[in-house]
Structure formats: C-alpha cells, structure tokens
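Right, one structure below, let's go through it.
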Amino acid sequence: MRPNWLGAYALLYLLFLYAPILLLPLFAFNDATIVAFPLRGFTTQWFGEMWENATLRRALGNSLIIAGSSAVLSTCLGIFAARASTRFRFPAKGGIMGAIMLPLVLPEIIVAMSLLVVLLSIGVTLSIVTVIVGHTLICMPYAITVLTTAFASLDPAFEEAAQDLGESKWGAFRLVILPLVMPGIISALLISFTVSLDEFIIAFFLAGNQPTLPTYIFSQLRFPASIPMIMALGTVLVLLSIVMLTIAEYFRRRGAARTGQNDRGFL
C-alpha cells in the first residue's frame, strides 16, 4: 500500500497553520513576563490585567460598535444584492456583481489607502464612522456569498404561490422568502461580525485617534511587558472567533437542510 502523501502533507500544513495559535493559551496562563520555554507555572494574572486595562476596554467597545454596525449594514446590503442577482435579470449584471465582490480579491491596503484619500479629499474626519464604512465595504462580499447561496437554493414557485393566494410582492418576500433564508442571514451576520472584529488594515488607516482592538494590540507589541496580556487577549479572541464561526456554520447547515441544498460549508 502506497503511503498517503496527500494526507501527510495536509497534516503538516494544519500543524504549521495552527501550532502558533495553540501556543497562545500556553503563554497566556504562564507565570512569566517573558514568552519563552520552559514555562514557569500557572496563573490567571494576565487575564485580570487585561480586564482592568481602561484603554483596552475602550478599544474593545469601539470594535464591538464597528463590528455590529458593519455586520448589520453589510448583511442588509447583501440581501438586496443577493436577491437581485438570483431573482432578476438586468443589463451588466455580471459586471455589477463583479464590482461589488471586488474587495474580496483586492489587497486590503489598496482599499484602505483609496478610502483614506477619498475621505480626506471630501473633508470627512476620521472616526469610528469611517471605519464602519470601510468594514462594510470589506464584509459585503462575504455576506453576499452566503446569501446568494441561500437565495439561489429557493424554488421560485414558493413566491409565486404566495402571490397567487393574494399576497403582494413585498408580502410574499417578507412572509415566505425571508423566513426560509433566515439561517443564511444569521450566518452572514455572524461571519461579517467576525471579519470586522479581526480586521486591522482598514481600522489602522481610517480610525484616526479612536483605537480599535486590532490597532491596540499592534501598538502594545512594542512593549515586552505587555506581551503576556496580549497573549491572554489573543486566547479570548480565538475562542470568540471559533464560537462565532461555529454558530454561523450551524445556521448555514440548518438553512441548507431546510431548502434541500448540498451541504458544503465553511468548516
């Protein structure tokens, strides 16, 4: 029997990708200010310092506001785009959808610099609002990808039957279509929230003097004494991201089962 080289390669790749993440909790609970082996002992001191840091709490609050607003805006706009692309035909449909999805493949630093130049040229002051605008632009392709799959899996006969029974187009959409794609909407919300919460480059360029969680973490990497606290914060963020993506995948699979869609997910 030939050795499974592909399986070995996949295992090595996953180890290379996730081994640094697995080290985060080790050093987060390590009773030493130097991130190095051997470990000295177990402590929860760094989590306590993380919670007591006022600047960190402010950055976390800003990031939660930005992530929540960006998730809602990108999902609402994604509903319109996904609905239009799957239900209607219109001129230059492919080009328009391609332009909307372009931020998914463009380097984020190019998008950030372009937004910075445009916003400053029209006199907009950099703040949390400008970061929300940038994150909405970045998160929309992710939301559209999830929602397009949800809308495309629906049988148009559902909506037509509702209209035949006396419902208006809006009523059929609200009472029939939206409940069927609700798992996809929740999944798009959670994925957009996670992407926005972890995004650094757009926030670095557009936040002004308002710190976000990623920019705060970047600023603290210059101080060795702050590294253990950052490790504790990273552990919390990794766990939060895993929980959010797991919930999003659960709702995506629930929607796939409801509409009879092939179950090919993110996880």
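The values are calculated or read from the model by the stated rules, or taken from the named source; none is laboratory data. Note that the structure is predicted; figures quoted are calculated from it, not measured. So basically every Cβ, Gly included, is an ideal-geometry build from the backbone, and we count neighbours across all protein chains shown.
Tell me which residues, restricted to segment 107-133, are assigned to a helix (DSSP H, G or I) and without any contact (Cβ under 8 Å) to a residue 12 or more places away in the chain. Step through it out loud before you land on a result.
The first filter runs over segment 107-133 and keeps only residues assigned to a helix (DSSP H, G or I), leaving 108-121, 128-133.
Answer for segment 107-133, where residues must be assigned to a helix (DSSP H, G or I) and without any contact (Cβ under 8 Å) to a residue 12 or more places away in the chain: 110, 114, 117, 118, 120, 121, 129.
Just to verify a result, which residue in segment 119-136, among those that are closer than 14 Å to residue 204 by Cβ and of a type in the set (Val, Ile, Thr), is surrounded by the most Cβ atoms within 10 Å (Cβ to Cβ)?
Only one residue fits best here, namely 131.
Count, please, the residues in segment 143-187 that happen to be outside any helix (DSSP H, G or I) and buried (at least 17 other Cβ atoms within 10 Å of the Cβ).
Filtering segment 143-187 for residues outside any helix (DSSP H, G or I) gives 153-155, 165-168.
Keeping just the survivors that are buried (at least 17 other Cβ atoms within 10 Å of the Cβ) gives 153-154.
Result for segment 143-187: 2.
Suppose the filter is assigned to a helix (DSSP H, G or I), within 19 Å of residue 191 (Cα to Cα) and touching a Lys or Arg at 6+ places or on another chain (Cβ under 9 Å); does residue 102 pass it?
On the way: assigned to a helix (DSSP H, G or I): yes; within 19 Å of residue 191 (Cα to Cα): yes; touching a Lys or Arg at 6+ places or on another chain (Cβ under 9 Å): no.
Judged against the criteria, residue 102 is not a match.
(1) over 27 Å from residue 131 (Cβ atoms); (2) assigned to a helix (DSSP H, G or I); (3) of a type in the set (A, V, I, L, M); (4) in contact (Cβ under 8 Å) with a residue 12 or more places away in the chain: which one isn't true of residue 34, the others all being true?
Just one mismatch for residue 34, condition (2).
In segment 71-90, which residues are β-branched (Val, Ile, Thr) and surrounded by 18 or more Cβ atoms within 10 Å (Cβ to Cβ)?
First pass over segment 71-90, keeping only residues β-branched (Val, Ile, Thr): 72, 75, 79, 86.
Selection gives 75, 79.
Every residue in segment 102-118 that is surrounded by 19 or more Cβ atoms within 10 Å (Cβ to Cβ) and farther than 15 Å from residue 195 by Cβ, please.
Once the filter is applied, which keeps residues that are surrounded by 19 or more Cβ atoms within 10 Å (Cβ to Cβ) and farther than 15 Å from residue 195 by Cβ, segment 102-118 yields only 115.
May I ask you to list the residues in segment 43-64 that are under 15 Å from the mean Cα position of the chain (by Cα) and either surrounded by fewer than 16 Cβ atoms within 10 Å (Cβ to Cβ) or without any contact (Cβ under 8 Å) to a residue 24 or more places away in the chain (or both)?
Here is the first cut: in segment 43-64, the ones under 15 Å from the mean Cα position of the chain (by Cα) are 63-64.
Matches in segment 43-64: 64 only.
Only one of these is of a type in the set (A, V, I, L, M, F, W, C), surrounded by 14 or more Cβ atoms within 10 Å (Cβ to Cβ) and either within 20 Å of residue 74 (Cα to Cα) or modelled with pLDDT under 85 (or both): 243, 238. Name it. Let's see the steps before the verdict.
Working: 243 fails: surrounded by 14 or more Cβ atoms within 10 Å (Cβ to Cβ).
Unique residue meeting the criteria: 238.
Which one of the conditions (1) at pLDDT below 90; (2) under 14 Å from the mean Cα position of the chain (by Cα); (3) over 30 Å from residue 209 (Cβ atoms) does residue 144 fail to meet, given that it meets all the rest?
Checking residue 144 against (1) at pLDDT below 90; (2) under 14 Å from the mean Cα position of the chain (by Cα); (3) over 30 Å from residue 209 (Cβ atoms), the one that fails is (1).
Which residues, counting only those in segment 134-166, are touching a residue at least 60 places away in the same chain (Cβ under 8 Å) and among the β-branched types (Val, Ile, Thr)?
If the condition is that a residue be touching a residue at least 60 places away in the same chain (Cβ under 8 Å) and among the β-branched types (Val, Ile, Thr), then 136, 138, 144, 146, 148, 149 are the ones that fit.
Looking only at segment 11-18, decide whether some residue is assigned to a helix (DSSP H, G or I), out of contact with any His (no Cβ under 9 Å at 6 or more places or on another chain) and in contact (Cβ under 8 Å) with a residue 60 or more places away in the chain.
No, segment 11-18 has no match at all.
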